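Each reported figure results from applying straightforward, stated rules to the coordinates on display, with no laboratory input. Note that the structure is predicted; figures quoted are calculated from it, not measured. Neighbour counts are summed over all protein chains in view; Cβ atoms, including those assigned to glycine, are modelled from backbone coordinates with ideal geometry.
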Amino acid sequence: MAREFPYLGHGIGLRPPHYAEVVRDLPAVDWFEVITENFMVAGGNPRQVLRQVRAHYPIVLHGVSLSIGSVDPIDEGYLTGLAALAAEMEPAWISDHLCWSSFGGHTGHDLWPLPFTEEALAHVVSRVQVVQERLRRRILIENVSSYLEFAHSTLPEWEFLSEVARRADCGLLLDVNNIFVSARNHGFESAQFLAGVPADRVKQIHLAGHRDEGTHLLDTHDHPVCDGVWALYRAAVQRFGAVSTLIERDDDIPPLGEVIAESRQAAAIEAEVLAHGR
């Protein structure tokens, strides 16, 4: 898996307010992640921008609508478009979320959590295998933040996620902010999550901001990374070593320099932890 998911360093999400500056200035960023669905149309400015960025940087395709946990049939049209985009752009890898976002042919804009049961596990594993066979590559599956739990779940989230990776032979995109948010919302220890996933499957990390609503934390990607998430990232580096790490900012997007500064902060933390370990 190390060959399929090489270490890229520290990157940021490519977002529309920064398109022109990135193309013009080619800033000191190790790599970019893009929201797959924003570039699925072959023509237009987004695809042109992506071609220009790809000429200078590694990119990763990160999807939000695969709906891998849905009971609806997998969208063959979506997979065809994704395969075509990947063939043109040659991304370092492709990722999506361990969630469902469609039912009965209707698609929502939220990433809804799954019941963590053996039945759901078998269902997800079979669908990940179908997607990987269709794309002819392994993918990464990301843990999502959640605000409610299914009463009939029989497995902790980290065990469910680990079993998906093992049985489907896929990799994991570990969202450290989502762990922090869900741990607070559901009362488990973040350290349990980190300890419970297999280190050899974790090939990317997400860092982002959230909002404290008092009764719960809300994953918003509209704030800088908070101290608690930085501390959890430090623990993640201690557990997993050097893993390609990305700063996500999707709302209230600041100037490009501020996002890059957070990415360099992550790089500094990683370097410090690894140096201390040696």
Problem set entry | Test for Asp222: is it among the acidic types (Asp, Glu), under 17 Å from the mean Cα position of the chain (by Cα) and surrounded by fewer than 16 Cβ atoms within 10 Å (Cβ to Cβ) | no
Problem set entry | Only one of Leu140, Leu155, Leu172, Leu135 that is closer than 30 Å to Tyr78 by Cβ, touching a residue at least 60 places away in the same chain (Cβ under 8 Å) and aliphatic (A, V, I, L, M) | Leu140
Problem set entry | The one condition in (1) over 21 Å from Ser65 (Cα atoms); (2) within 18 Å of the chain's Cα centre (by Cα); (3) in contact (Cβ under 8 Å) with a residue 24 or more places away in the chain that Ala183 fails to fulfil | (3)
Exercise. From the residues in segment 9-66 that are free of Cβ contacts under 8 Å to residues at least 12 places away in the same chain and among the basic types (Lys, Arg), which one is farthest from Val225 (Cα to Cα)?
Worked result: Arg47
For this session: Kindly indicate whether Thr107 is outside any helix (DSSP H, G or I) and over 18 Å from Glu37 (Cβ atoms).
Result: no
Exercise. Is it true that Val144 is out of contact with any Lys or Arg (no Cβ under 8 Å at 6 or more places or on another chain), in a helix (DSSP H, G or I) and within 28 Å of Leu232 (Cα to Cα)?
Worked result: no
Exercise. Within the set of pairs 6+ apart or on separate chains, which have a first residue in segment 227-249 that is under 13 Å from Gln204 (Cβ atoms), a second that is among the hydroxyl-bearing types (Ser, Thr, Tyr) and part of a helix (DSSP H, G or I), and C-beta atoms under 8 Å apart?
Worked result: Thr245/Tyr233; Thr245/Ser263; Leu246/Ser263; Ile247/Ser263
Problem set entry | Tally, over segment 187-200, of residues that are closer than 16 Å to Val237 by Cβ and either surrounded by 16 or more Cβ atoms within 10 Å (Cβ to Cβ) or acidic (Asp, Glu) (or both) | 5
